[in-house]
Amino acid sequence: MVPRTGVTVDICPRDVPTALIGTAGGALALWADAPAEITVPVALLIVLDIRIRRWRRRT
């Protein structure tokens, strides 16, 4: 995926231990009987800090 001109997408890991998030995601999947197709993207959204910024060029 390529962002538009004037859009900046920053993706960086949060300051949370990845093993802790993985364990919590696995426990949630077992507890709620949720399939892996749902729990893996949710765990990634928790682990990653995604920021989308829009800017314009000044003329």
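Numbers below:
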| read-out | value |
| --- | --- |
| Qualifying residues in segment 1-21 (those that are assigned to a helix (DSSP H, G or I) and open to solvent by 50 Å² or more (accessible area, probe 1.4 Å)) - the one modelled with the lowest pLDDT | T18 |
| Hits in segment 22-59 (condition: among the polar types (S, T, N, Q), exposed (fewer than 10 other Cβ atoms within 10 Å of the Cβ) and outside any loop (DSSP other than H, G, I, E, B)) | none |
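The values are calculated or read from the model by the stated rules, or taken from the named source; none is laboratory data. Note that this is a predicted model, so its numbers are computed, not measured. FYI the Cβ positions are ideal-geometry reconstructions off the backbone, even for glycines, and counts take in every protein chain you see. For accessibility, only protein heavy atoms count, side chains too; no ligands or nucleic acids. Shrake-Rupley method; radii C 1.70, N 1.55, O 1.52, S 1.80 Å.
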